[in-house]
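*Asks:* One structure, as structure tokens, below. Some questions next.
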Amino acid sequence: MKQIASFTIDHMKLLPGVYVSRKDAIGSETITTFDIRITRPNFEPVMNTGEMHTIEHLAATYLRNHQEYGPKTIYFGPMGCRTGFYLLLGGDYASKDIVPVLTEMFEFIRDFEGDIPGATAINCGNYSDMDLPKAKQYAKHFLDTVLYVIDEEHLIYPKN
């Protein structure tokens, strides 16, 4: 079988950041898949499921309610390796294009108080696996170390 594109990225060189993972044409439309890498693969501990699940609920809620990006949001969800998330948007984007909305989204998560949207037995298949304090810590760290100081090294995949 042919190796998929995301497995060709050197994860030993990959830093936390915002990367275009792929672009797919669906008819005349383009779907851009973003790799939102929160922790450094193979160097930093991975996120636990509670904080990932919380970030997923809050980020998806934020994005789908966003005036500009709500109608373009196809998917936001966790990577199996637990080092980040995938965001799929309708449209042809570069990584730098979405830094402002991701900054707003992670500020929303960092500052969130109250009940996590969709965290009930009726709304979610594993509603009790949530960790808001840890999700807020990851959001703050990602803002401070990546989004507020973003540069090309954190926007373009490393060369192999």
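We did not get these values from a lab; they are worked out from the coordinates using the rules stated. What you are looking at is a predicted structure, and each value in this text was computed from that prediction instead of being measured. Positions of Cβ are backbone-derived with ideal geometry, glycine not excepted, and every protein chain shown enters the neighbour counts.
*Asks:* Cross-link list Lys2/Lys159; Lys72/Lys96; Lys23/Lys140; Lys2/Lys23; Lys96/Lys140: which exceed 24 angstrom alpha carbon to alpha carbon?
*Replies:* Values: Lys2/Lys159 20 Å; Lys72/Lys96 17 Å; Lys23/Lys140 29 Å; Lys2/Lys23 18 Å; Lys96/Lys140 19 Å.
Flagged as over cut-off: Lys23/Lys140.
*Asks:* Lys13: which aspartates and glutamates have alpha carbons under 16 Å from its alpha carbon, excluding same-chain residues fewer than 8 sequence positions away?
*Replies:* Asp35, Glu44, Asp151, Glu152, Glu153
*Asks:* Follow-up. On full extension of the chain, what length is gained from Lys96 through Thr49, given 0.36 nm per residue of separation minus the C-alpha to C-alpha distance?
*Replies:* Details: separation 47, 0.36 × 47 = 16.92 nm, distance 2.79 nm.
Gain in length upon complete extension: 14.1 nm.
*Asks:* Over the range 9-154, what is the relative contact order in percent, taking alpha-carbon pairs closer than 8 angstrom and at least six residues apart? Walk me through the intermediate numbers first.
*Replies:* Details: 231 pairs, mean separation 40.8, N = 146.
Relative contact order comes out at 28 percent.
*Asks:* Among Ile74, Ile36, Ile98, which comes first, second and so on when ranked by fewest other beta-carbon atoms within 10 Å?
*Replies:* Numbers: Ile74 14, Ile36 26, Ile98 20.
Sorted ascending by nearby Cβ count, the order is Ile74, Ile98, Ile36.
*Asks:* Also, quick follow-up: Where in the range 45-89 does the label zone of Gln3 land, with the point 7 angstrom along Cα→C-beta and an amide N cut-off under 19 Å?
*Replies:* Correct set: 80-81.
*Asks:* Within 10 Å of each candidate Cβ there may be at most 15 other Cβ atoms; applying that plus a DSSP loop requirement, which trypsin sites (Lys or Arg not before Pro) in the range 122-160 survive? Don't jump to the answer; show the numbers that get you there.
*Replies:* Details: sites: Lys134, Lys136, Lys140, Lys159; in loops: Lys159.
Loop-located and lightly packed - Lys159.
*Asks:* Take Ser28, Ser6 and order them by how many other Cβ atoms sit within 10 Å, fewest up front. Intermediate results must be reported in sequence, preceding the final value.
*Replies:* On the way: Ser28 5, Ser6 15.
By the 10 Å Cβ count, ascending: Ser28, Ser6.
*Asks:* Between Asp129 and Glu113, what length comes free when the chain is fully extended (0.36 nm per residue of separation minus the Cα-Cα distance, one decimal in nm)? Could the numbers behind the result be given before it?
*Replies:* Details: separation 16, 0.36 × 16 = 5.76 nm, distance 1.72 nm.
Here the segment from Asp129 to Glu113 would lengthen by 4.0 nm.
*Asks:* Ignoring everything except DSSP H segments at least 4 long, calculate the 222 nm mean residue ellipticity for the chain; use -39,500 (n - 2.57) per segment, divide by total residues, nearest 500. Each step should come with its number before you reach the end.
*Replies:* Details: 3 runs with 43 residues, N = 160.
When only DSSP H runs of four or more count, the value is -8500 deg cm²/dmol.
*Asks:* Report, in whole Å, the centroid distance computed from the Cα atoms of the range 1-64 and the range 85-160.
*Replies:* About 10 Å separates the Cα centre of the range 1-64 from the one of the range 85-160.
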